[in-house]
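The values are calculated or read from the model by the stated rules, or taken from the named source; none is laboratory data. As the structure is a prediction and not an experimental result, all values here were calculated from the model. Quick reminder, even Gly has a Cβ in these numbers, built from the backbone with ideal geometry, and neighbours come from all protein chains shown.
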Amino acid sequence: QTPSGTAPVIAANGSALQGVTSKPSKMTHPSQFTFEKELGSGSWSTVMEATHVATGKPYAVKILSKAQLIKLKKVKYATAEKDALVKLSGTHPGIVRMHAAFQDDTSLYFVLDLAPHGDLADLVKKHGSLSLRCARWYTAQIVDAVLWVHRMGMVHRDLKPENMLLDSELRIKLTDFGSVYVSPDGDLSPRASTFVGSAAYVSPELLNRASKTTSSSSDIWAIGCSTYFMIAGTPAFAAINDYQSFRKIEALDYTFPEGFYDIAKDFVQKLVVLDPADRLGVEPKSSPSELRGHQLFTGLAYSTTPEESDGTPV
Ligand code: ADE
């Protein structure tokens, strides 16, 4: 569903699919690219830096192996990822754009914006931790992009610093929509779900065997965990293995290191809350505008709609 009062999501030239598959320089086959270095990989996909030969432009191409998708029963995840990227592409500066999608006998290919500065996890690892100024600048952009995804009727479900890329201007671009939930009707209220996501950032409601539910509130939890990570330099629920992380999450067993900025602590404590209904920004008890209005962001101008947003702090 298109949120009311905003720019059309689908380009005026016709269908959303057409918008991403038949750009002027038609990208239709892997032979049109030269593949350079690997940027990342998972069990069924690899992201490669590639140059589009006809234009000389660099992209990140996500290559999904059909055999692995079938073997690992992940076909529906690949379909959901493509559907989500088709719907979201070009609608918000904080979301990675898909320029084309095509396939050959062995693989699916998603041609994405190249984020030349890597991801937020690498940035934090490089610096040890981020200043309050940096953390709030990135958090504001993450909040803005995630709330947009929710307004578009989707839940990312695998938000973590590794999936928050940094573009040429060091602005956040969310990526990896492989775990996305796309609501058929825009309704994001809690519903039965299987576990998806990454151990240290998964919300407690997804761990409860009896009542596994997912909603947009799971992404809110992950934003809080990401802000914690930026400032602490380690995940809130880091443990020696996934099982131990899950135990800590269920018990809300985490502490703030000394020197953790009070205003960021307040923010994290309002998002990293066991009951999904009690998290800042989650309706009906709170609202997206309350989340945007948190004191962490005071003095930062960031927009409520992508049309107004150039992401620059003032
Ligand atoms: N790693 C995964 N996706 C990427 C992208 N779009 N740009 C740079 N690195 C990535």
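Brief remarks follow.
- Hits in the range 222-273 - residues which are of a type in the set (D, E, K, R), surrounded by fewer than 16 Cβ atoms within 10 Å (Cβ to Cβ) and in contact with a Lys or Arg (Cβ under 9 Å, 6 or more places away or on another chain): D253
- Among (1) at pLDDT 95 or above; (2) in contact with a helix residue (DSSP H, G or I) (Cβ under 8 Å, 6 or more places away or on another chain); (3) not β-branched (V, I, T), the one test that K212 misses: (1)
- P190, sole failed condition from (1) modelled with pLDDT of 90 or more; (2) crowded, with 16+ Cβ neighbours inside 10 Å: (1)
- Residues in the range 125-143 that are aliphatic (A, V, I, L, M) and farther than 19 Å from L174 by Cβ: 1 in all.
- The set of residues in the range 31-55 being touching a Pro at 6+ places or on another chain (Cβ under 8 Å) and within 12 Å of the ligand (Cβ to nearest atom) consists of E49, A50.
- Residue within the range 23-39 that is surrounded by 16 or more Cβ atoms within 10 Å (Cβ to Cβ) and within 30 Å of Y138 (Cβ to Cβ) present: yes
- Residues that are of a type outside the set (A, V, I, L, M, F, W, C) and in a helix (DSSP H, G or I) within the range 86-104 comprise just one, K87.
- The set of residues from the range 29-59 being within 24 Å of the chain's Cα centre (by Cα) and among the aliphatic types (A, V, I, L, M) comprises L39, V47, M48, A50.
- Pairs, first among the acidic types (D, E) in the range 79-103, second not in a loop (DSSP other than H, G, I, E, B), C-beta under 8 Å, six or more apart: E81/F110; D83/V182
- Being at pLDDT 95 or above, in a helix (DSSP H, G or I) and closer than 16 Å to A135 by Cα is a property that K248 lacks.
- Search result, residues across the range 145-172 that are more than 16 Å from the ligand (Cβ to nearest atom) and in contact with a His (Cβ under 6 Å, 6 or more places away or on another chain): W148, V149
- Within the range 31-67, the set of residues being of a type in the set (S, T, N, Q), in contact with a strand residue (DSSP E or B) (Cβ under 8 Å, 6 or more places away or on another chain) and not in a strand (DSSP E or B) comprises just one member, Q32.
- Screening L120 against (1) away from the ligand (no atom under 11 Å from the Cβ); (2) on the phi > 0 side of the Ramachandran plot leaves a single unmet condition, (2).
- In summary, T28 fulfils each of the numbered conditions (1) more than 14 Å from the ligand (Cβ to nearest atom); (2) outside any strand (DSSP E or B); (3) over 11 Å from V111 (Cβ atoms) with the single exception of condition (3).
- You will find that of K73, K66, the residue that is at pLDDT 95 or above, surrounded by fewer than 18 Cβ atoms within 10 Å (Cβ to Cβ) and away from the ligand (no atom under 16 Å from the Cβ) is K66 and no other.
- Filter result (of a type in the set (D, E, K, R), buried (at least 19 other Cβ atoms within 10 Å of the Cβ) and farther than 18 Å from M48 by Cβ) within the range 76-129: K87
- Residue match in the range 13-20 (condition: modelled with pLDDT under 95, among the hydrophobic types (A, V, I, L, M, F, W, C) and buried (at least 16 other Cβ atoms within 10 Å of the Cβ)): yes
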